[in-house]
Amino acid sequence: MADEAAFAAQRVFEPYLRDRGFVNGRWIEAQDGRRFEVTDPSSGRAIVSVPRMGAAETRAAIAAAEAALPGWRDSTAGARAKVLKRWAALMMERQEALATLLTTEQGKPMAESRAEIAYAASFLEWFAEEGKRAYGDVIPPHRADNRIVVTKEAIGVCAGITPWNFPCAMVTRKAAPALAAGCTMVLKPAEQTPLSALALCVIAEEAGLPPGVFNVITGDGEDAPLIGKELTSNPVVRKLGFTGSTEIGKLLMAQCAPTMKRISLELGGNAPFIVFDDADLDEAVAGALLCKYRNTGQTCISANRILVQSGIHDAFVERLAAAAGQLKVGNGLDPAVSIGPLIEPAGLAKVERHVANAIDNGARPVLGGKRHELGLTFFQPTVLVGVDPKMAMCCEETFGPVAGITSFATEDEAIAIANDTPYGLASYFYTRDLARSWRVGDKLQAGIIGINTGFISTEIAPFGGIKESGIGREGSRYGLDEFLAIKYRCIGGIA
Ligand code: NAP
């Protein structure tokens, strides 16, 4: 039965399945012919193998992007918009096939994959239009015979490095503003999920994207440092957009320094999710469910520390545990499933370590707490109470379906706990008090604040963090600026 479902899924995504890299409009092998397997985390079965590329292939892709740059950059924003919009429209026409591929290589439930395809397409659609509004400026001059004019231009060849948790959306969140601005790009997807990025290339080609404008290099965990080194040290590359761990972000930032590249880094988070006594309990439980269990807890904006005020604590725990207990775990291709597997055994080991550390130090499971009977990397939806802010699960991203709940007494205490982290990506809180909603929003140290909502991702808003969660923003008009260089002309002699 499981095999039948996998074969049926493969038939759906087969037209978009590619097993080679995409450079200069051509499907290419690694120069030495080496390959690695991409597996379905829900079954452990190999889907296909893709090339193990390194510095040489990356250099060739950068050269292709450099050659394609003048033609693409010097076209109009309107002409580029037509291609990007067609790319988005074709993605939505193929939403089911792309979502099926995404679920197969990443594990998330189909409903989430469909939503990710729509979210990914929304960046292409939105930046296609926003590229037309890369306005400059005319500044009143400092001398009567001068004129000062500011223009914005494409920064040049860009590099993108993306993680496995959003294999489509993290690609277009970088490629869409880059290409809309007139830049070209070389992208390296995560080793676990290169197939969605390659499927995007199939569709880009069909949409009429010229060869060399968008290139994808594949490699496994051993190849990543070699590919990354080339992308960050090659002087042709003028900008790096990276989404991934803070550890690798710091490394890449250092590697970009000698050639002074522009960087945007979307890194790890440790989001607090605060529920005050005056919150709407139903809304808070629904928000926590979404923030904690979506993508099996493997998102950078997952609620990692759930802080609940003492007056509402027991009611919140009871309702959250009841709701989480209803979530069906399994293969995301099954429409009834809402929790898929973790991406890999290392992720499972981390979740187990966090749960064990919490229980050893006095936390108590009110739901789950163990590996799921399905085996592989499946884990039970879990709720723990009595979690202390010093426990491992409050200091590191758990990246699993584990809600750890800490009780607090006062607003000041909640804010102090929330900000006691080197990270600053997302924060959430629930209150019906207007003054508190401004006060707490002002004090929380994060780039994104969700107030009475757990759903904060949209192409129209600036996504990104402060502190060790990164630099720069993706999405919105701020996301376009990341790919534009400012030039000012001082024109003299105007008598
Ligand atoms: P990761 O280990 O940093 O990997 C991310 C990407 O970097 C992958 O493509 C990986 O390639 C590549 N990479 C690894 N080492 C590299 C190196 N030395 N040089 C160049 N590239 C290298 O992160 P992850 O564990 O896969 O992803 C989860 C992390 O991403 C979490 O911390 C999460 O919070 C963060 N994230 C942040 C955002 C955001 O917007 N802030 C969004 C999603 C995820 P390989 O896969 O081939 O190793």
If we keep only residues of region 438-495 that are part of a strand (DSSP E or B), touching a residue at least 60 places away in the same chain (Cβ under 8 Å) and in contact with a helix residue (DSSP H, G or I) (Cβ under 6 Å, 6 or more places away or on another chain), then the residue farthest from the ligand (Cβ to nearest atom) is Leu484
If we ask which residues in region 207-239 are open to solvent by less than 20 Å² (accessible area, probe 1.4 Å), closer than 16 Å to Pro189 by Cα and of a type in the set (A, V, I, L, M), their number turns out to be 4
Counting only strands (runs of 3 or more DSSP E) wholly inside region 237-300, the ones holding at least 2 residues that are within 16 Å of the ligand (Cβ to nearest atom) and in contact with a Pro (Cβ under 9 Å, 6 or more places away or on another chain) are 237-243
Counting only helices (runs of 4 or more DSSP H) entirely within region 339-427, those with at least 2 residues that are over 28 Å from the mean Cα position of the chain (by Cα) and modelled with pLDDT of 95 or more are 345-360, 411-419
Open item on the list: Any residue that is more than 12 Å from the ligand (Cβ to nearest atom), under 30 Å from Tyr16 (Cα atoms), part of a helix (DSSP H, G or I) and at pLDDT 95 or above - is there at least one of those in region 206-228?
Closed with: yes
Might you let me know whether region 28-45 holds any residue that is surrounded by fewer than 17 Cβ atoms within 10 Å (Cβ to Cβ) and on the phi > 0 side of the Ramachandran plot?
yes
Is it the case, given these coordinates, that Lys152 is among the basic types (Lys, Arg), outside any helix (DSSP H, G or I), away from the ligand (no atom under 13 Å from the Cβ) and crowded, with 24+ Cβ neighbours inside 10 Å? no
Counting only strands (runs of 3 or more DSSP E) wholly inside region 15-101, the ones holding at least 3 residues that are within 30 Å of Glu373 (Cα to Cα) are 35-39, 46-51
ask   = Residues in region 154-167: is at least one more than 14 Å from the chain's Cα centre (by Cα), modelled with pLDDT of 95 or more and closer than 30 Å to Ala495 by Cβ?
value = no
> Taking the stated definitions as given, is Gln192 within 16 Å of the ligand (Cβ to nearest atom), closer than 24 Å to Phe463 by Cβ and open to solvent by 10 Å² or more (accessible area, probe 1.4 Å)?
Replying inline: yes
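The values are calculated or read from the model by the stated rules, or taken from the named source; none is laboratory data. Predicted model, so just to flag it, every value in this text is computed and none were measured. Cβ atoms come from the backbone with ideal geometry, glycine included; neighbour counts cover every protein chain shown. Heads up: the accessible areas ignore ligands, DNA and RNA and are worked out on the full protein's heavy atoms, side chains in. Shrake-Rupley method; radii C 1.70, N 1.55, O 1.52, S 1.80 Å.
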